Each structure stands twice: as structure tokens, then as C-alpha cells.
Amino acid sequence: MSGIIIYKSKYGSTKKYAEWLAEATGFDCVELSNFSAKDLGKYDIVVYGGGIYASGIAGISFIKKNYAVLSGKKTIVFCCGASAFDQKWFDSLRELNMKDELAKIPLYYCRGGCDLENMKFADRTLCKMLIKSLSKKDPKDMEVWETALVEAGQKKSDWTDRANLEPVIRECQTA
């Protein structure tokens, strides 16, 4: 079976996971901006990876727009964010991003990283303001993403791990 991994990565963690997944599966790997939906017909398995920004999976609109073409293919989505995995948070993320027909598509989470110095000015400024605001909050009252942001603080943090891809790889193998 032929497969492709399409990804959208703003700061590199999703790209890293996409490349690791390509190594593990032998699938083609391409950044979303360099891929044309007309090429989907070449593949039996389509894996999409996107970073999480403000509770949205970057580029998920590609899957929504092309759902009719994807309906006859094994389609898998993974997302990547800085927070530790939390089932309640993941369920709400799924509900927000994988509505209607997308609810049938398997969704997986891979923890990424946080590097304020690598961020664009607007993102870095927002994160710094959030960190300052959250530092006044009782840690037991924080959401999982808030805890991750405060823990990362101003230092570079990388939680990427090839082991996070194991469920995605298994899903690819069941096609």
C-alpha cells in the first residue's frame, strides 16, 4: 500500500514527527504548502499532522475540504502540542476539530515543544503575557496547557519522542 504524510508545522515539532513517521513507514512526506490535493489519488493511506494553536489543529481544513476524495482511503490525523496528554482536554480538542464526518477519522496526539525565542513576535509576546498572568494562578486550578506553558517558561523545552508515534504507526499498519 502506498501512503503519504502531509503536515503543517509552525515551529518544527510536527515536522519532526512527520519525518520520523516517514522513516518508520516508508511513506512519502510533504509539507501541506507543497502538496496539491489532486495528488491524493496516488495514495491508499493519508496521514495528516498539524500543530495545535489556540485549540485548533493547523491545516485541518485541508482534510475537511478534501473529505470526499479521502473517504475511500485510510485517513489518520495526528496533532502536536506543548501540553502533556490529558484525556479530558484531548476529547474537547477532538470535539472542536473533528466534527461531523471527520469524527470517524482516528486522531492521535504527540507532545511537541516550546521555544519562545523561535516564535514569531506576536506568538512570543502572547506567551510571555500568558506566563506572567498564569504565574499568579494556583497550579491545581490550571488547565493542562496552562501548566505546560508555565513549566516551560522562558526556557527551550522539547518533549518530542518517537514513542509517541507508536499508535499512529499501528494504525497505518491496520490499513
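The values are calculated or read from the model by the stated rules, or taken from the named source; none is laboratory data. Since we're looking at a predicted model, the values are computed, not measured. Every residue, glycine as well, gets a Cβ built from its backbone with ideal geometry; the counts of neighbours run over all protein chains shown.
Before moving on, here are some points about what is shown:
- Criterion: assigned by TED's automatic domain parsing to the domain that holds Leu165, closer than 23 Å to Thr174 by Cα, surrounded by 13 or more Cβ atoms within 10 Å (Cβ to Cβ) and in contact with a strand residue (DSSP E or B) (Cβ under 6 Å, 6 or more places away or on another chain) - qualifying residue of Tyr67, Tyr48: Tyr48
- Annotation: Gly72 fulfils all but one of (1) in a strand (DSSP E or B); (2) without any contact (Cβ under 8 Å) to a residue 24 or more places away in the chain; the unmet one is (1).
- Flag if Ala68 is among the small types (Gly, Ala, Ser) and within 25 Å of Thr160 (Cα to Cα): no
- Members of region 12-28 that are crowded, with 19+ Cβ neighbours inside 10 Å and farther than 21 Å from Gly113 by Cα: Thr25, Phe27
- Positions within region 11-61 being touching a residue at least 40 places away in the same chain (Cβ under 8 Å) and among the polar types (S, T, N, Q), in sequence order: Ser13, Thr14, Thr25, Ser55
- Filter pass, Lys137 being loosely packed, with under 14 Cβ neighbours inside 10 Å, at pLDDT below 80, farther than 28 Å from Ser61 by Cβ and not assigned by TED's automatic domain parsing to the domain that holds Gly49: yes
To keep it simple, each residue is scored yes or no on (1) closer than 18 Å to Glu31 by Cα; (2) within 12 Å of the chain's Cα centre (by Cα); (3) of a type outside the set (Val, Ile, Thr).
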{"position": "Ile57", "(1), (2), (3)": "yes, yes, no"}
{"position": "Ile63", "(1), (2), (3)": "yes, no, no"}
{"position": "Tyr67", "(1), (2), (3)": "no, no, yes"}
{"position": "Ser71", "(1), (2), (3)": "no, no, yes"}
{"position": "Ile76", "(1), (2), (3)": "yes, yes, no"}
{"position": "Ala84", "(1), (2), (3)": "no, no, yes"}
{"position": "Gln87", "(1), (2), (3)": "no, no, yes"}
{"position": "Leu93", "(1), (2), (3)": "no, yes, yes"}
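- Any hit, region 48-59, residues being in contact with a helix residue (DSSP H, G or I) (Cβ under 8 Å, 6 or more places away or on another chain), closer than 20 Å to Pro106 by Cβ, assigned to a helix (DSSP H, G or I) and at pLDDT 95 or above: no
- Selection status of Val77, surrounded by fewer than 21 Cβ atoms within 10 Å (Cβ to Cβ), in a strand (DSSP E or B) and in the same structural domain as Glu166 (by TED's automatic domain parsing): no
- Enumeration of residues in region 3-14 that are modelled with pLDDT of 95 or more and either more than 12 Å from Ala58 (Cα to Cα) or in contact with a Leu (Cβ under 6 Å, 6 or more places away or on another chain) (or both): Gly3, Ile4, Ile5, Ile6, Lys8
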